[in-house]
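A.B. asks: Sharing a structure here in structure tokens format.
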Amino acid sequence: MGRLFAIILCLSALTVSAEVLSGYAERDSVEARMARLPLSPVEGIWEMAADGAVFAIERTEASDSEVLPRELRIVILRSPLRRVRPGSVMGTARPTVKPGVYEAWINTKISELGALTLPRKFTLTLNSEQNALTIQPFKSPVKVNLFRMIPYLYRVVRIQDSRPDGLDGAIRIYPPQPVNPLTPVYL
């Protein structure tokens, strides 16, 4: 009985998170839709620096009339993985009290069918020129230190992640930013 309940729970989570919207197959149609509205600083089309995935951040239908939307939707336009379809909802974002900082729930797992699931909390931060978006995961409040079970001699060994924060993110594609391009132009 418990296993059946777990399967039903997983299927219901899959259908909620596996939302695929129409109108995202062509980037031009998304740009035309965005051109009709006043955009907030984070709204636009972004490309991930690491793998080239392209996604749109835009307001939900409920907040179309607002200048600064309260809820934004993150939708995949192009993915390096073929099983993820254009229009797959990647997550949602909300502005915080800090300018240029957004709190987001982003789906981090891709099922065999290409559905995006397993939402996790992230922070999205715009740079000062608003042409780059840093994506940083929230730290887990629970930490397990297995070295505490080892005798005192081995407690001096610690494993640290030496990778600096703020390296993962995306570069704005639309609307284009005229100042300070991220790549130099050679003449």
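The values are calculated or read from the model by the stated rules, or taken from the named source; none is laboratory data. For clarity, every value in this text was computed on a predicted model and none was experimentally measured. So basically every Cβ, Gly included, is an ideal-geometry build from the backbone, and we count neighbours across all protein chains shown. For the accessible areas, the whole protein counts, side chains as well, though only heavy atoms, and no ligand, DNA or RNA atoms are used. Shrake-Rupley method; radii C 1.70, N 1.55, O 1.52, S 1.80 Å.
A.B. asks: If you take the beta carbon distance between residue 139 and residue 70 as r and set R0 to 41 Å, what does 1/(1 + (r/R0)^6) give as a FRET efficiency, to the nearest 0.05?
C.D. replies: Details: r = 26 Å, r/R0 = 0.62.
The formula returns an efficiency of 0.95 here.
A.B. asks: Between residue 165 and residue 103, what length in nm is gained on full extension when 0.36 nm per residue of separation is reduced by their alpha carbon distance?
C.D. replies: Working: separation 62, 0.36 × 62 = 22.32 nm, distance 1.66 nm.
Contour length minus Cα-Cα distance gives 20.7 nm.
A.B. asks: Just to be sure I understand the model, the point goes 7 Å from the Cα along the line to the Cβ. What's the resulting residue 112 to residue 19 distance in nm?
C.D. replies: Placing both labels 7 Å along Cα→Cβ, they lie 2.7 nm apart.
A.B. asks: Once fully extended, how much extra length lies between residue 60 and residue 177, figured as 0.36 nm per residue of separation less the alpha-carbon to alpha-carbon distance?
C.D. replies: Values: separation 117, 0.36 × 117 = 42.12 nm, distance 2.34 nm.
Stretched out fully, the residue 60 to residue 177 stretch lengthens by 39.8 nm.
A.B. asks: With a probe of 1.4 Å, find how much accessible area segment 19-90 has per residue, and write the answer as a whole number in Å². Walk me through the numbers before you get to the answer.
C.D. replies: Working: 3790 Å² over 72 residues.
Here the residues of segment 19-90 average 53 Å² of exposed surface.
A.B. asks: Once fully extended, how much extra length lies between residue 31 and residue 50, figured as 0.36 nm per residue of separation less the alpha-carbon to alpha-carbon distance? Walk me through the numbers before you get to the answer.
C.D. replies: Details: separation 19, 0.36 × 19 = 6.84 nm, distance 2.29 nm.
My answer for the length gained is 4.5 nm.
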